[in-house]
Amino acid sequence: MPRHRITQTDVAAMAGVSQATVSFVLNGSTPSGVRISEETRQRVLDAIRITGYAANPAAQRLAGGLTQILGVFTYEATFPRVSQDFYGPFLVGIEHAAERLGVDILLFTSARVVDGRRRLTRDGWQRLGVADGCLLLGQHEDRGELQHLLDTNYPFVFIGKRGSDGNRLPYVGADYVGATMRQVDRLAALGHRRIGYMGMRGTDQPTLDRVEGYRAAMRARGLTARFVELDDLADAAAEILAQRLTAVVVAPENYPEELADELELRGARVPDDVSVLLLGQPHHPRRGGRRWSGFCVPREEMGVRALHLLSRLVAADGGRSDREGRRTPGVPDAELHQILACPDVEGATLARPQADTLAAPRAETLAQPHADTSRTDRRDRTDRTDRTDRTDRTDRTSRTDRTTEDRTESA
């Protein structure tokens with residue numbers, strides 16, 4: 001015989017109260033004018049414990065209650081199959097915050113990943129309704145979907161700074177602008193003047209903020225901004241040397257270990273010849289690799305802060321009340337947009353520039369380690385010929401001048 005599923009009616013019968021009273025106790029709120037004594041509330045809780053009753057989350061939400069479930073939706077695959085683990089630290093922070101808040105986390109994974117991206121299209125909107133609110137993460141979000149969530153007043157928080165119409169989108173982000181400016185300042189303080197930026201020039205918010213910080217810091221110090229193309233790491237290394245850069249700040253989604261290898265193949269050591277500072281934790285770390293200087297993104301703390309903000313938005317949206325019947329206040333506008341500082345990392349890839357580091361002739365040689373030397377030989381022979389010609393013409397001119405002077409004296 002299948003076991004009978006315990007319902008609120010069973011709990012009410014055991015506690016000797018109405019089903020409505022059981023519902024009020026479960027939801028933690030009561031209508032105006034209704035008061036439940038502590039003794040009655042305790043009887044209901046005891047009946048729930050004895051019967052093993054578990055509320056149906058979907059039914060609770062339909063009844064206007066809260067499920068105590070918060071969702072997480074990622075626009076890219078959450079659990080990577082390679083070494084890259086972008087979401088791991090965020091999820092650690094979210095889990096710790098959920099434990100302290102006493103809520104459960106639901107990871108939305110049913111949406112297929114197409115071309116590396118997920119979408120909330122079709123039944124994705126309805127699935128979000130299972131949770132009281134949702135955290136959204138991703139490097140390539142759909143702005144239209146975010147606007148739809150705003151228009152429907154569904155509680156959500158984006159992890160990462162994002163803009164929106166009317167600046168209504170709540171987020172917890174990292175201060176990429178200020179952190180990138182500090183890295184340029186660190187290099188300039190050591191004497192670096194030829195500082196390059198290496199990274200894809202995309203339109204995602206972190207990239208825009210990093211480029212903004214780099215440009216602002218270079219402009220403030222009267223230095224020229226120099227960008228290194230990323231089509232190929234070997235070409236990027238050659239361009240760094242051709243531009244005679246003594247330092248580069250590098251976006252973390254690149255491959256800094258491989259870049260350092262290419263530089264060393266050309267005789268340039270990191271950091272003796274070229275200092276390298278990462279603008280965040282490397283997405284592709286190498287086991288036993290270098291200790292990179294730069295800054296780190298507080299991803300775990302961002303996860304904690306985002307879940308706390310979401311729980312406050314959900315409480316305000318649900319009109320929840322405490323035991324004394326006081327409504328939960330709304331979240332001030334100033335707290336809807338939170339930017340966290342990115343601490344510097346000392347590392348071992350930052351050093352003072354050498355006196356004549358990467359002078360022009362050496363830069364040309366290093367940038368093309370396997371170039372044919374015949375062009376250099378021809379250039380040397382041409383230079384020697386030019387110098388000889390100039391010397392001969394000077395000698396002839398001098399002799400002519402002396403002859404003219406002798407004739408003048410004789411006259």
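Being small (Gly, Ala, Ser) and either outside any helix (DSSP H, G or I) or within 19 Å of Thr203 (Cβ to Cβ) (or both) is the filter here, so list the residues in region 151-167 that pass it.
Answer for region 151-167, where residues must be small (Gly, Ala, Ser) and either outside any helix (DSSP H, G or I) or within 19 Å of Thr203 (Cβ to Cβ) (or both): Gly160, Gly163, Ser164.
Considering each residue of region 186-207, count those that are part of a helix (DSSP H, G or I) and crowded, with 16+ Cβ neighbours inside 10 Å, and give that number.
Looking only at that region, the number is 6.
Might you let me know whether region 79-101 holds any residue that is modelled with pLDDT under 85 and over 30 Å from Val297 (Cα atoms)?
So far as region 79-101 goes, no, none of its residues is modelled with pLDDT under 85 and over 30 Å from Val297 (Cα atoms).
Taking region 131-145 as the search range and keeping residues that are touching a strand residue (DSSP E or B) at 6+ places or on another chain (Cβ under 7 Å) and closer than 17 Å to Arg118 by Cα, which one is surrounded by the most Cβ atoms within 10 Å (Cβ to Cβ)?
Leu136
Take the residues of region 311-334 that are exposed (fewer than 15 other Cβ atoms within 10 Å of the Cβ) and modelled with pLDDT of 75 or more: which is farthest from Asn167 (Cα to Cα)?
Gly330
Filtering region 146-184 down to residues that are over 26 Å from Pro252 (Cβ atoms) and among the acidic types (Asp, Glu), which residue is modelled with the highest pLDDT?
Looking at residues that are over 26 Å from Pro252 (Cβ atoms) and among the acidic types (Asp, Glu), I get Asp151.
Tell me, please, whether a residue that is under 30 Å from Leu91 (Cβ atoms) and among the polar types (S, T, N, Q) can be found in region 284-293.
yes
Can you work out which of the residues in region 12-52 that are among the charged types (D, E, K, R) and under 27 Å from Val314 (Cα atoms) is surrounded by the most Cβ atoms within 10 Å (Cβ to Cβ)?
Only one residue tops the list, namely Arg41.
Taking region 1-17 as the search range and keeping residues that are at pLDDT below 90, of a type outside the set (A, V, I, L, M, F, W, C) and farther than 21 Å from Leu66 by Cβ, which one is nearest to the chain's Cα centre (by Cα)?
The qualifying residue nearest to the chain's Cα centre (by Cα) is Arg5.
Any residue that is in a strand (DSSP E or B) and touching a Cys at 6+ places or on another chain (Cβ under 7 Å) - is there at least one of those in region 168-175?
yes
The values are calculated or read from the model by the stated rules, or taken from the named source; none is laboratory data. Given the structure is predicted, the values throughout are model-derived calculations rather than measurements. So basically every Cβ, Gly included, is an ideal-geometry build from the backbone, and we count neighbours across all protein chains shown.
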